[in-house]
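The values are calculated or read from the model by the stated rules, or taken from the named source; none is laboratory data. Since this is a predicted model, take the numbers as computed values, not measurements. Here the Cβ positions follow ideal geometry from the backbone for every residue, glycine too, while neighbour counts run over all protein chains shown. These accessible areas exclude ligands, DNA and RNA; they are computed on the full protein's heavy atoms, side chains included. Shrake-Rupley method; radii C 1.70, N 1.55, O 1.52, S 1.80 Å.
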Amino acid sequence: QVQLVESGGGLVQAGASLRLSCAASGRAFGTFAWFRQAPGKEREFVAVITWTDGFTSYSDSVKGRFTISKDNAKNTVYLQMNSLKPEDTAVYYCAAKMSRVVGRMANAYTYWGQGTQVTVSS
């Protein structure tokens, strides 16, 4: 059974940091990504990493503040979020697919976690 389980969300003040985790199980994946969805908005791409070579890419809105990484031994992907802003408030989702082709479109990802809430107060 394929599972992606996110953790690490919470309520923080602007300027603080959080680290999200996504623990994967059930099969091998080629690419992991983080997306987020704020109330009333569409789900948007945040960051992506390929499992074998660790290639990463970020949205312009988080570049330089967020870092995606992986721990192969733990089958876990992380999203380190620094210098958080109120506009980062959203439900954050971990997504995965078998292909190693990097993608920023949500519909390219087959597997999704349940989401974790991140709230940044001003």
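Need the list of lysines near K41 for cross-linking: C-alpha distance under 26 angstrom, and skip anything on the same chain fewer than eight residues off.
Those lysines meeting the cut-off are K63, K85, K97.
Restricting attention to region 8-43, which trypsin sites (Lys or Arg not before Pro) occupy a DSSP loop and are surrounded by at most 14 other Cβ atoms within 10 Å?
On the way: sites: R19, R27, R36, K41, R43; in loops: R27, K41, R43.
Qualifying residues, ordered by number: R27, K41.
Taking H as built 1.01 Å from N, whose amide H comes closer than 5 Å to the amide H of F66, not counting residues under 5 places away?
N82
Counting Lys and Arg as +1 and Asp and Glu as -1, what is the net charge of the other residues whose Cβ lies under 15 Å from the Cβ of M105? Working shown, then result.
Working: positive: R36, R43, K97, R104; negative: E42, E44.
Taking every Cβ under 15 Å from that of M105, the sum is +2.
Going by a ≥ b ≥ c, the root eigenvalues of the Cα gyration tensor, does the chain fall in the rounded group (a/c under 1.5), the prolate group (a/b larger than b/c) or the oblate group? Write down the numbers at each step before the final one.
Values: a/c = 1.63, a/b = 1.62, b/c = 1.01.
Note, shape of the chain comes out prolate.
Mind checking which aspartates and glutamates have their Cα closer than 14 Å to the Cα of K74? Skip sequence neighbours fewer than 8 apart in that chain.
In chain and number order, the partners are E6.
With only Lys, Arg, Asp and Glu charged, each at its Cβ (+1 for the first two, -1 for the last two), find how big the charge dipole of the chain is about the Cα centre; round to the nearest 20 debye.
On the way: 13 positive and 8 negative charges, 34 e Å.
It comes to approximately 160 debye.
Can you tell me, using C-alpha contacts under 8 Å and at least 6 residues apart, the relative contact order of the chain as a whole percent? Let's see the in-between values first.
Details: 310 pairs, mean separation 44.0, N = 122.
Computed value for the chain: 36 percent relative contact order.
Note down the relative contact order for region 6-66 as a percent, whole number, built from C-alpha pairs under 8 angstrom at least six residues apart. Can you show the working numbers first?
On the way: 63 pairs, mean separation 12.6, N = 61.
Computed value for region 6-66: 21 percent relative contact order.
I'd like the accessible area for K70, computed on protein heavy atoms only with a 1.4 Å probe and all protein chains in place. Round to 10 Å², please.
Accessible area of K70: about 60 Å².
Out of G103, G40, G26, any idea which swings most in a Gaussian network model of the chain, alpha carbons joined below 10 Å?
It is G40.
Ignoring ligands and nucleic acids, what accessible area does E44 show with a 1.4 Å probe (Å², nearest 10)?
80 Å²
Give me the extension gain from V101 to V2: residue separation times 0.36 nm, minus the current Cα-Cα distance, reported in nm with one decimal. Can you show the working numbers first?
Details: separation 99, 0.36 × 99 = 35.64 nm, distance 1.99 nm.
Extra length available between V101 and V2 comes to 33.6 nm.
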